[in-house]
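The values are calculated or read from the model by the stated rules, or taken from the named source; none is laboratory data. In this text the structure is predicted, and so the values were computed from the model without any measurement. So basically every Cβ, Gly included, is an ideal-geometry build from the backbone, and we count neighbours across all protein chains shown.
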Amino acid sequence: MYFSFLRQSEKNNRNLFAPVFIAALSVAHTIIYVTKNKLIPSIKWPNDILINKSKIAGILIENITIPDKADVLNIGIGINIISNPKEVIYPATNLKKENVTISPNEMLNAFFMQFVKINKIFENNGIEMIFEMWNDLGHKIGDPVSVKVGSKEIIGKFNGLTKEGALIIIDKLGNKETILAGDVFAL
């Protein structure tokens, strides 16, 4: 199932990555909700949703600039309900394979219910609460990871998020690397 929707861009640059984390949490919590806590997904930084280390959903966000108007974000989400891609760089799964049957309409309704809830948490409590929620499902401190940034590969241990949401890695030499964009692989 693929869908997209528009959301106003964050005016405050400190929260530039907030929509990415809000969308990822919304998808993860949708899966928890529709499976009645039978499936607890993990989040691969910043916005891939995994079940048993296999990708079940992904999110792409594009900023759209409209002259003389507020910027908007086109948030595109794909959730593998019945099938999943076969030839991919990361193992994939789908809800049917995980013994969950749900219609696209039910999934969409559940997603927007969770999105509204998590967006309210952000509005009322700020990005710190969103990061706390993400930490519950995301990488754990000390998890070994590999991050590809262009042609460069950084291997190290997950060491948290910056206050903006960037990934912090401690590489093999003990150097702290801050990653704003890249492909993350659990080792």
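Pairs meeting the criteria (first residue in segment 31-59 and free of Cβ contacts under 8 Å to residues at least 24 places away in the same chain, second residue surrounded by 20 or more Cβ atoms within 10 Å (Cβ to Cβ), beta carbons under 8 Å, at least 6 apart or on different chains) are Ile32/Pro41; Leu50/Pro41; Leu50/Ile43; Leu50/Lys44; Leu50/Ile56; Gly58/Asn47; Gly58/Ile49; Gly58/Ile77.
Across segment 95-132, the number of residues qualifying as surrounded by 15 or more Cβ atoms within 10 Å (Cβ to Cβ), among the polar types (S, T, N, Q) and out of contact with any strand residue (DSSP E or B) (no Cβ under 9 Å at 6 or more places or on another chain) comes to 1. Against the conditions (1) surrounded by fewer than 16 Cβ atoms within 10 Å (Cβ to Cβ); (2) closer than 23 Å to Leu167 by Cα, Lys86 satisfies every one except (2). Under the condition of being among the β-branched types (Val, Ile, Thr), under 26 Å from Asp183 (Cβ atoms), touching a Lys or Arg at 6+ places or on another chain (Cβ under 8 Å) and touching a residue at least 60 places away in the same chain (Cβ under 8 Å), the residues counted in segment 73-124 number 2.
Of Lys96, Lys176, all but one fail to be at pLDDT 95 or above and within 20 Å of Ser42 (Cα to Cα); the exception is Lys96. Asn135 fulfils the conditions (1) surrounded by fewer than 17 Cβ atoms within 10 Å (Cβ to Cβ); (2) touching a residue at least 24 places away in the same chain (Cβ under 8 Å); (3) touching a strand residue (DSSP E or B) at 6+ places or on another chain (Cβ under 7 Å) except for a single criterion, (3).
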